[in-house]
Amino acid sequence: MVKDCTTVWHNCLQVIRDNIGEQSYKTWFEPIVPLSLVSNVLTIQVPSQFFYEWLEEHYVGLLKKVVFQELGSEGRLEYSIIVDQGNDHSKPQTVNIPTKKVPSAVVNSYSPERSFLKNPFESKAIDRHFFNSQLNQSYTFENYIEGDCNRLARSAGYAVANKPGTTSFNPLMVYGGVGLGKTHLVQAIGNHIKSNNPDKFVLYVSSEKFVNQFIESLKTNNVQDFANFYLLVDILIIDDVQFLSGKEKTQEMFFHIFNHLHQSGKQIVMTSDCPPRDLKGLEERLLSRFKWGLTADLQSPDFETRMAIIYKKMQSDGIHIPDNVIEYLAYSVDTNVRELEGVLISLIAQSSLNRKEIDLELAKSALKHIIEDVETEVNLDFIQKTVAEYFQVTLDSLKAKTRKKEIVTARQVAMYFAKEFTSHSLKSIGYHFGGRDHSTVIHSVQTVSDLIDTDKKFKASIQELQKKFKVKAV
Ligand code: ADP
Ligand code: MG
C-alpha cells in the first residue's frame, strides 16, 4: 500500500498526542503541515526557524520514534521552514532541513542547571504569545533625543544594539527615575537588533510579567517549559528589575537564566528605577552579576533637551507650535519626559477640540489642568530655580550664608527679578533668601541695575532671563 504524507502524519500525531500535554500539542504540533512523502522522507512544514529549533530541542526523540514506527527504520523526517521576509510583496521562502539534534549552547554550556532541561517529553504548556518579541516599534534610536542626561546610556545602548553579546556591556543595566526614557531606550536596542538580525530571538519582557509567568508555571507544573523558553532567547531585555525585589524563587530562576545566557554569549539588557546598589531585596549573587557589564543612568533632561524632545514630537506629529510655546512648556515641565508628553497631548487635544491655534494662552490653560503647581504668575520659587539653573549654582546656595562671588551674583539677580515680577515686599523677599533683611534686597536690586548699565555681557544675561519670566508672566 502506498502511504501518503497526510495519513502518515496523521498517524504520527495520534501517538504524539498521547505522549505530551494538550497545550504543548496545540502549540507545537497543530500548526505543522505535512508536505510530502518521497522515498521514506516525510517533509513537514513549520512556521519558523524558532519553531524548528524548539521541536528539535524538545521533541526530537518522540518525532524520531513515531517516524520510525510509521515508515520503518529507513524513515526520515525533514522540515520545511517558512522564512518570512517581513514584507508583503515577497512570498515566504522555505528552507528544508533534515532532522538532527541541534547542538544547542543551552544544553552544553552549563551543568548545574541541567535539571531544567531534562526529559523534554515532560514539556507541556507554553503560551503562544511567547513567539513575539513584544517590542513596540515606535521606540527607536532615531526618535530618542540625545542630551547630557542620557549620553552614556544611549551610546552604550547603541553599541550593544550593533554588537549584541560581544561588547563588554553585558549585561547593560540602565537605571533612572520614572518617565526618563528607560523603556524607550531598551526597546530601541531591541528594535535595532531585530531589524539588523531578523533571525535573532529578541525578547522584551517586563519584570512584572516575568514574575507572573513564573508563578503561573509553578502553579501549572510547567517550570521546565518556562526555563527552556527563556534559554532560547538571544537578546533578553528585562524591564524594571526592581520588581524582582523580595521574590526569591523568581530571582533564583532569573539567576540561572542569566548565567546560561551570559555564558552562551547572549546579550542581557536590564532597567531599574534605582542604582543596583540600592535595589533592596535582591540577592547579593544576582547584584554581583549586574556589575559584570555596564551600569548607566538616565537623568532628568535639561532645558535644551526638553526643547529638542518637544520639537521632535511635534515634528513627527506634523504639528507646528510657536517657539515661545515650546520654550514655555520646556520651562514649566521639568520633571520627566512622560509628563512633558502628557502636556503636549492635552495641548493638541484642546487645540483641535476648540479649533484654536496653539499659542501661549492655550498652553497655559492646558497646563493648568495637568500640573497642579504651575502658577499663572511668576513666583519666587520659579525665579530662584531658574536663576540658580542659569548661573549653575544650587538652589540652597541662594539662601545660604556663602559670599562666593558667583553665588552672590546669582542671589542678587534672583532678588532683582523677585522685585520686578512678584508682589512680595522687600522684607518678604529678604525672608525667602535665607532671612536677609530688606536693606540687603535694596542693595542687590541697585547693584544689578548698575551692572546692567555698565556691563554689556551681564546685561545680555539679564535680558535672556527676563525673556523667560516674561513668557511665563503673560
Ligand atoms: P521610563 O521607562 O523610564 O519610565 P519611558 O521610556 O516610558 O520612561 O519614557 C516615557 C516617555 O518619554 C516615552 O513616551 C518616551 O518615548 C519618551 N522619552 C523619554 N526619553 C526620551 C528621549 N530622550 N527622547 C524622546 N522621547 C523620550
Ligand atoms: Mg518603563
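A few notes on this one:
- Selected residue (criterion: farthest from residue 242 (Cα to Cα)) from residues of the range 280-331 that are surrounded by fewer than 18 Cβ atoms within 10 Å (Cβ to Cβ) and aromatic (Phe, Trp, Tyr): 311
- The range 193-209, subset in contact (Cβ under 8 Å) with a residue 24 or more places away in the chain and within 16 Å of ligand 1 (Cβ to nearest atom), residue nearest to residue 265 (Cα to Cα): 204
- Across the range 380-400, the number of residues qualifying as of a type in the set (A, V, I, L, M) and at pLDDT below 90 comes to 1.
- Residue ID - surrounded by the fewest Cβ atoms within 10 Å (Cβ to Cβ), chosen from residues in the range 144-187 that are among the small types (Gly, Ala, Ser) and within 15 Å of ligand 2 (Cβ to nearest atom): 177
- Index of the failed condition, residue 413 passing every other in (1) at pLDDT 90 or above; (2) part of a loop (DSSP other than H, G, I, E, B); (3) crowded, with 19+ Cβ neighbours inside 10 Å: (2)
- Checking the stated criteria, residue 202 turns out not to satisfy the condition of being crowded, with 18+ Cβ neighbours inside 10 Å, closer than 18 Å to residue 144 by Cα and assigned by TED's automatic domain parsing to the domain that holds residue 289.
- Qualifying residue in the range 332-347 (condition: open to solvent by 80 Å² or more (accessible area, probe 1.4 Å) and either aliphatic (A, V, I, L, M) or within 24 Å of residue 433 (Cα to Cα) (or both)): yes
- Candidates 306, 338 - the one that is in contact with a Gly (Cβ under 6 Å, 6 or more places away or on another chain) and either at pLDDT 85 or above or within 16 Å of ligand 2 (Cβ to nearest atom) (or both): 338
- Within the set 201, 141, the sole residue that is within 13 Å of the chain's Cα centre (by Cα), away from ligand 2 (no atom under 16 Å from the Cβ) and hydrophobic (A, V, I, L, M, F, W, C) turns out to be 141.
- Residue pairs whose Cβ atoms lie under 6 Å apart, sitting 6 or more positions apart in sequence or on different chains, and linking a residue in the range 57-85 that is modelled with pLDDT under 85 to a partner that is crowded, with 19+ Cβ neighbours inside 10 Å and assigned to a loop (DSSP other than H, G, I, E, B), are 58/123.
- Residue list for the range 429-442, restricted to those being free of Cβ contacts under 8 Å to residues at least 24 places away in the same chain, under 11 Å from residue 415 (Cβ atoms), open to solvent by 30 Å² or more (accessible area, probe 1.4 Å) and of a type outside the set (Val, Ile, Thr): 436, 438
- Filtering 309, 345, 268 for residues that are of a type outside the set (Gly, Ala, Ser) and over 30 Å from residue 197 (Cβ atoms) leaves a single hit, 345.
- Inspection of the range 190-198 finds no residue satisfying the criterion of being outside any helix (DSSP H, G or I), within 16 Å of ligand 2 (Cβ to nearest atom) and either within 15 Å of the chain's Cα centre (by Cα) or surrounded by fewer than 24 Cβ atoms within 10 Å (Cβ to Cβ) (or both).
The values are calculated or read from the model by the stated rules, or taken from the named source; none is laboratory data. What you see is a predicted model, and the numbers here were worked out from it, not measured in a lab. Note that each Cβ is placed from the backbone with ideal geometry, even for glycine, and that neighbours are counted across all protein chains shown. Keep in mind that these areas ignore ligands, DNA and RNA; they rest on the heavy atoms of the full protein, side chains included. Shrake-Rupley method; radii C 1.70, N 1.55, O 1.52, S 1.80 Å.
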